[in-house]
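The values are calculated or read from the model by the stated rules, or taken from the named source; none is laboratory data. Just so it is clear, the model here is predicted, and its values are computed rather than measured. Here the Cβ is made from the backbone with ideal geometry for all residues, glycine too, and neighbour counts use every protein chain on show. Protein only, heavy atoms only, side chains kept; ligands, DNA and RNA dropped before computing areas. Shrake-Rupley method; radii C 1.70, N 1.55, O 1.52, S 1.80 Å.
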Amino acid sequence: MEPGFWQARWETKQIGFHEGKPNTYLVKHLDRLGLAPGARIFLPLCGKTRDIAYLLGQGFAVAGAELSRIAVEELFAELEVVPEITAAGDLMRFSAPGLDIFQGDIFALEAETLGPVDAVYDRAALIALPPDMRPRYAAHVTAITGAVPQLVVTLVYDQSLVGGPPFSVPSVEVHALHDAGYQVTHLDAVTRPDALKGQWEATEEVHLLERR
């Protein structure tokens, strides 16, 4: 999607993708990542997700990437934390103890800027991108994180019913994107009649990616 699309969504508060509580699948499957206490987890296209507060509360460090400055500022306001803001190449870095959010184009985020991470948690990033962008995104996240384990939540539905985002990303595509470097394990699938904009049936799927 063009950056202006997402900027406009945040400016006009059209953020139906935002969950006001920790994601069910993160809570249920976080332990499958096998993380040590204090591990650092990367959340791409993170918005102001409440998953960040949950992970911090579990004793983990968090790094995120988010295009919208509005989203990042609202995230820190809701956490009741005042960030230190510095330039990080073409991005802006919002930092607080245990938390770094890189605001700007995720494709401008380099491994050296991100720093070491131990896992990736992707709830709404892969499904936010159209088909032609997903291979580039998947390869980029793998590259900047050093192919650490990933927990990826996708949505599967009849794409002809409605255009994305969120887009339908079935398991076969997750495998096509990642089989070369990861062992992909299907962890969960829940079908809900109103999962897609409250009108259409969709299945939420969860995948664990572990480096081969």
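On the given criteria, is Arg136 closer than 24 Å to Ser68 by Cβ and either open to solvent by 30 Å² or more (accessible area, probe 1.4 Å) or in contact with a strand residue (DSSP E or B) (Cβ under 6 Å, 6 or more places away or on another chain) (or both)?
Judged against the criteria, Arg136 is a match.
What's the number of the only condition in (1) assigned to a loop (DSSP other than H, G, I, E, B); (2) hydrophobic (A, V, I, L, M, F, W, C); (3) more than 21 Å from Lys21 (Cα to Cα); (4) out of contact with any Gly (no Cβ under 7 Å at 6 or more places or on another chain) that Ala139 fails to meet?
Unmet for Ala139, out of (1) assigned to a loop (DSSP other than H, G, I, E, B); (2) hydrophobic (A, V, I, L, M, F, W, C); (3) more than 21 Å from Lys21 (Cα to Cα); (4) out of contact with any Gly (no Cβ under 7 Å at 6 or more places or on another chain): (1).
Going through Leu67, Leu91, Leu114, Leu45 one at a time, which residue ends up being open to solvent by less than 10 Å² (accessible area, probe 1.4 Å) and within 16 Å of the chain's Cα centre (by Cα)?
Leu114
Within the stretch 92-111, which residues are farther than 21 Å from Arg134 by Cα and of a type in the set (A, V, I, L, M)?
Within the stretch 92-111, Met92, Ala96, Leu99, Ile101 meet the criteria.
Name the residues in the stretch 71-83 that are surrounded by 10 or more Cβ atoms within 10 Å (Cβ to Cβ), free of Cβ contacts under 8 Å to residues at least 24 places away in the same chain and charged (D, E, K, R), would you?
Scanning the stretch 71-83 gives a single hit, Glu73.
Glu201 versus (1) under 16 Å from the mean Cα position of the chain (by Cα); (2) of a type outside the set (Val, Ile, Thr); (3) exposed (fewer than 15 other Cβ atoms within 10 Å of the Cβ): which is the lone unmet condition?
(1)
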